[in-house]
Amino acid sequence: MYEETGNRNDMARLILVCGPTGAGKTTYALSLCKEIGAIRFSIDPWMQTLFSKDMTSLDYSWMMERVNRCYEQIWQVSEQVLALNGSVVLDLGFTTKAQRGVFFAHANKINLHPELHYLDASKDIRKTRIKKRNLEKDPSVYSFEVTDTMFHFMEPKFEVPDQVELSHGCKVNT
C-alpha cells in the first residue's frame, strides 16, 4: 500500500496523509494504521464535533482558524505518542504547503523525519467517491456530507506537494 521510507518499524513514525477532497485520505489512513499499528487523528470529526453547529457559511478564514486550533491540540497528543516510540498517522487534510510545513517543523524539533503520503485521483473519481460516501454514511469515514458547493469551494485550494515534501514519503494513486 505504501512505499517504505527508511524508518525502522521499531521507531516512531509520523505520517501525514494529504490529497484533494475525495482522494481517499481517511480510508487510506485507516488501512495504514491497521497495517503499521499507528494512532490516527482525522480533522473531520474534530471539526464536526467542535464547530459544525457554529458554522453559518463556507468562510475559509473562519474554518482555518478553527482547524489550526485543532492542529495544535492534535500535535500535543501526537508528540506524546511519538515520544513513546509510537507511530501517528495524521489525516488532517493538509490542503496547503504551509499547513504541511507546520507539522514538518514540529517533527524536525523532535528530530523526526515526517513522511508525506500524497493521495491522488482524478476529479471524476473523487466526485463519485463523495457521492457514495454521502449515501452510505459509513461511520468509519463519514463525518458530514460533502456537498457539490463544498467540493468546488475546496478544489482550487489544494496545493500539490513538491519533491522536497515527498523526499521522505510517497505518491499514491487511488
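Observations, loosely collected:
- Residue in segment 136-151 that is closer than 21 Å to M64 by Cβ, in contact with a Cys (Cβ under 7 Å, 6 or more places away or on another chain) and either at pLDDT below 90 or not acidic (D, E) (or both) present: no
- Filtered by the rule that a residue be touching a residue at least 24 places away in the same chain (Cβ under 8 Å) and either of a type in the set (F, W, Y) or not in a helix (DSSP H, G or I) (or both), segment 29-72 gives G37, A38, I39, R40, F41, S42, W46, L58, Y60, Y71.
- The condition (being modelled with pLDDT under 95 and not polar (S, T, N, Q)) is satisfied by just one residue among L82, L50: L50.
- Only one entry in L90, L84 is of a type in the set (A, V, I, L, M, F, W, C), closer than 27 Å to S140 by Cβ and surrounded by 16 or more Cβ atoms within 10 Å (Cβ to Cβ), namely L90.
- Within segment 4-19, the presence of a residue that is closer than 27 Å to V164 by Cβ, at pLDDT below 80 and part of a helix (DSSP H, G or I) is excluded.
- Members of segment 74-122 that are free of Cβ contacts under 8 Å to residues at least 24 places away in the same chain, among the polar types (S, T, N, Q) and farther than 18 Å from C18 by Cβ: Q76, Q80, N111
- Within the span defined as segment 13-27, every residue fails to be among the small types (G, A, S), over 18 Å from F151 (Cβ atoms), touching a residue at least 24 places away in the same chain (Cβ under 8 Å) and surrounded by 19 or more Cβ atoms within 10 Å (Cβ to Cβ).
- For beta carbons closer than 9 Å, sequence separation of 6+ or different chains, a first residue in segment 154-174 that is free of Cβ contacts under 8 Å to residues at least 12 places away in the same chain and a second that is in a strand (DSSP E or B), the qualifying pairs are S167/L116.
The values are calculated or read from the model by the stated rules, or taken from the named source; none is laboratory data. These figures come from a predicted structure and were not determined experimentally. Glycine also receives a Cβ, built like all others from the backbone with ideal geometry; neighbour counts cover every protein chain displayed.
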